[in-house]
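This report refers to the structure that appears directly beneath it.
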Amino acid sequence: YGRMKILVGTTFSSPWHTVVVLHTLSHLVGRCGGFLIPKLNRQNGIDSSTIMRPSEASASKKSILMSSSSKIDAGVVPAVALSSWMIDSGINSDAEATDLLGRPGNSKFWAKPVMDTKAFNFLLLKLAKSDRRDKGNKAARVLRYMLDESVDRPEVKPDNLTLNTVLSAVSKSMNPTSKSSMVADKIFHEWKELFRERKVEKNVDIITYNTMISAHIRAGNLKRAEEVFSELLTENGDSVDLKPDFVSYATIMRGYASRGDVAKVEALFQFQRMQEGGQVKPTVESYNELLYAYSRADMPSRAEECLKLWLKESSHLTVQPDVRSYNIVLHALSKTGSDGSIVRTERIFNKMSTRDAVSYTTMISAYCRHLSARAALAACERVMEKCWKDRDCTIDTNLVSNVLYSVSLIEHKEMPTFAEGIVTNSTQRSVKLNIKAYNSLLYCWAKSGDYEAARRARQILTMVEKNPRLKPNLQTYTTVLDCFARSREHISLDFAKNITERMEKNGPEPNVHVYTTLIQNYARSNLPYKALEASKVLQRMKDSKSPEAQPNIVSYNCVLNAAEHSDPTGGVVTEEALKVACLTFDEIRTSPVKANHVTYGTFLGVLGKLMPASSRQEIVGLVFRRASQEGQVSPLVLRKLQQATDSREQYLSILGNYEEASIPASWNSNVREVRARDL
């Protein structure tokens, strides 16, 4: 740190070269926690550079840029720092940007601006490749600024690379929506109009069209993507000199394939094969999108046959199946539980000369879903041995996380030990596991039902909290609480309460899943007044100012579950639990949530266990009638109803003399299967 001279006296041929070199230096210095302040001369040269200390670098870039001439000479505002600040920190208005970049009459900072189109394109490309959520909006604003400035400064006039980079940034925004699709459309049509008015030198090109098709598909606007693709097929208007290329076909096919529209993907594939002259023959991407369409449409046999035909004809074709081709077929076969699907999946897996992380995780997922527990463990162990030895496969934290999640489906006592072995092998190979991988390991322990699960969950949580590279998130704490809820340790409830209180105080702020899991901890505890304590947690959720903490139907069901499992011989305890259950059930009627079959089944269980037989029959009948009216009569509801009635005759009387197998279809029309944890 301190003042250092870098590339002193070096002069570059253009501002763009200056930008590239200084961006690289800034990146290297930034990795060390510093901030590079270069001093440029008006001939694109570097007079000197200063590396700020981390404490100095924490100041805003704007204050550094606009500081006194002791840090930056009045006549030489650095282009990279200035432009990076404009894009990274945002500009409040065009006027602010023009004041910073310099305009006629603002020669206090500039005699001649150093930014040009190439420099802007470089910085826009950096923005488009970033993971900023607002990059689309910022890129569009920079384009608008360049268009406005180019009236007086032709050296900043945007070109096709500028347009395509901005459209790429808009299309690749973190949460693409129909709004981003509209923004892209507006820029697209405005550029065409500017070309007609001769305000830009070149019209949209094939890259622009392909980017637009991709933008609309990412935003879920397939209809508009079809329209843009059709413009390329119809030789008129602005697209007279353009023809779809292989990227155009692959992109629009991907849109149809993602919806499982096999007919349209097949039609496009055949149309591409029959193109006159054969300039745009199907590529690997086209074949892969056809395979993907079969997979999305749950047609694994068609996908398998297509791959076989491709391999058979490959000697006459210029394209060969790649790793993704095999992975798509593997995934399609792994989803089906039909006879022989595992054998067929293994056959495809063994044919692969090169495998990647997706290949191994897909094969393991198939074993975990469709084999018996013991067979799945043995098969997963064989595949992981191949994976550790495979030099073509990159073993990273995502592979480990996905494998662990699949392994959690194996209901075997050795499952968590196998999961721990995967983590140990990964760390021994210097794989830097992230919090997602440790969350998957915690999930394995939570699903195992092992007596040691709670203790091991505490150890893992302590380890990740002490590791500065790892930051526990909501999923981490929720999974740990789930381990406690399933534990037989009497101290687990105390740990669960402590963790929730720490989250309320220090963050991350608990959400509905955290609070609901805490209620489950009370429901599975041996506390005499656990129903009352569970209802207090529910009240904390309703009192929370966070919309993410508001209770859902699972939260209410867990309070009812706590009441159902209260001691029925406890006198005052029994009365308190029944009171909590009745108030909770009544509250659901006035809350935004809607009761499901678990709600009715659990409340019938409460009535059957806690309410005297002499006074419960009328209310049991009313509750069941309401469940039938709302289409929520499931096997759970029928089982709890039978337990809450005194005799078979009374049970059939409430059913209206229907047998369980012949109840009206409307009675269970709204039943939705839920996960075990929802019970």
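The values are calculated or read from the model by the stated rules, or taken from the named source; none is laboratory data. Because the structure is a prediction, the values reported are computed rather than measured. So basically every Cβ, Gly included, is an ideal-geometry build from the backbone, and we count neighbours across all protein chains shown. When the accessible area is computed, the model is the full protein with side chains, heavy atoms only, and any ligands, DNA or RNA have been set aside. Shrake-Rupley method; radii C 1.70, N 1.55, O 1.52, S 1.80 Å.
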Starting from residues that are in contact with an Asp or Glu (Cβ under 8 Å, 6 or more places away or on another chain) and open to solvent by 20 Å² or more (accessible area, probe 1.4 Å), keep the ones in the stretch 278-296 and report whichever is modelled with the highest pLDDT. VAL284
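Any residue that is out of contact with any helix residue (DSSP H, G or I) (no Cβ under 8 Å at 6 or more places or on another chain) and either free of Cβ contacts under 8 Å to residues at least 60 places away in the same chain or farther than 24 Å from PRO551 by Cα (or both) - is there at least one of those in the stretch 595-611?
Scanning the stretch 595-611 turns up no residue that is out of contact with any helix residue (DSSP H, G or I) (no Cβ under 8 Å at 6 or more places or on another chain) and either free of Cβ contacts under 8 Å to residues at least 60 places away in the same chain or farther than 24 Å from PRO551 by Cα (or both).
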For THR345, state whether it is over 23 Å from the mean Cα position of the chain (by Cα) and either surrounded by fewer than 23 Cβ atoms within 10 Å (Cβ to Cβ) or within 17 Å of GLU285 (Cβ to Cβ) (or both). no
Determine if the stretch 121-134 includes at least one residue that is more than 30 Å from LEU268 (Cα to Cα) and touching a Phe, Trp or Tyr at 6+ places or on another chain (Cβ under 7 Å). yes
Matching residues, the stretch 538-551, being farther than 22 Å from MET611 by Cβ, in contact with a Pro (Cβ under 9 Å, 6 or more places away or on another chain) and either part of a loop (DSSP other than H, G, I, E, B) or of a type outside the set (D, E, K, R) (or both): MET541, SER544, SER546, ALA549, GLN550
From the residues in the stretch 414-448 that are of a type in the set (Val, Ile, Thr) and open to solvent by 10 Å² or more (accessible area, probe 1.4 Å), which one is nearest to ASP396 (Cα to Cα)? VAL431
By residue number, the members of the stretch 357-389 that are part of a helix (DSSP H, G or I) and open to solvent by 60 Å² or more (accessible area, probe 1.4 Å) are VAL358, ARG369, HIS370, ARG374, GLU381, ARG382, GLU385, LYS386, LYS389
Kindly indicate whether any position in the stretch 433-443 is touching a helix residue (DSSP H, G or I) at 6+ places or on another chain (Cβ under 9 Å), over 25 Å from ASP494 (Cβ atoms) and in a loop (DSSP other than H, G, I, E, B). yes
Hey, ARG672 hits all of (1) among the charged types (D, E, K, R); (2) assigned to a helix (DSSP H, G or I); (3) loosely packed, with under 12 Cβ neighbours inside 10 Å but one; which does it fall short on? (2)
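Table: residues versus (1) in contact with a Gly (Cβ under 6 Å, 6 or more places away or on another chain); (2) open to solvent by less than 60 Å² (accessible area, probe 1.4 Å); (3) within 25 Å of MET253 (Cβ to Cβ).
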site: THR165; (1), (2), (3): no, yes, yes
site: SER168; (1), (2), (3): no, yes, yes
site: TRP191; (1), (2), (3): no, yes, no
site: LYS202; (1), (2), (3): no, no, no
site: THR208; (1), (2), (3): no, yes, yes
site: ILE213; (1), (2), (3): no, yes, yes
site: GLY220; (1), (2), (3): no, yes, yes
Taking the stretch 321-353 as the region of interest, how many residues are part of a helix (DSSP H, G or I) and more than 16 Å from ALA293 (Cα to Cα)? 12
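Which residues, counting only those in the stretch 390-412, are open to solvent by 50 Å² or more (accessible area, probe 1.4 Å) and closer than 24 Å to ASP322 by Cα?
Here is the first cut: in the stretch 390-412, the ones open to solvent by 50 Å² or more (accessible area, probe 1.4 Å) are 391-392, 394, 396, 398, 402, 405, 409, 411.
Correct list: ARG391, ASP392, THR394, ASP396, ASN398, ASN402.
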Given the conditions (1) open to solvent by 70 Å² or more (accessible area, probe 1.4 Å); (2) touching a residue at least 40 places away in the same chain (Cβ under 8 Å), report the number of the one that ASN526 does not fulfil. (2)
Test for GLN643: is it of a type outside the set (A, V, I, L, M, F, W, C), free of Cβ contacts under 8 Å to residues at least 40 places away in the same chain and open to solvent by less than 70 Å² (accessible area, probe 1.4 Å): no
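Farther than 15 Å from SER555 by Cβ, among the hydrophobic types (A, V, I, L, M, F, W, C) and open to solvent by less than 50 Å² (accessible area, probe 1.4 Å): which single residue out of VAL598, VAL593, VAL580, VAL620 fits that description?
Values: VAL598 fails: farther than 15 Å from SER555 by Cβ; VAL593 fails: farther than 15 Å from SER555 by Cβ; VAL580 fails: farther than 15 Å from SER555 by Cβ.
So the residue among VAL598, VAL593, VAL580, VAL620 that is farther than 15 Å from SER555 by Cβ, among the hydrophobic types (A, V, I, L, M, F, W, C) and open to solvent by less than 50 Å² (accessible area, probe 1.4 Å) is VAL620.
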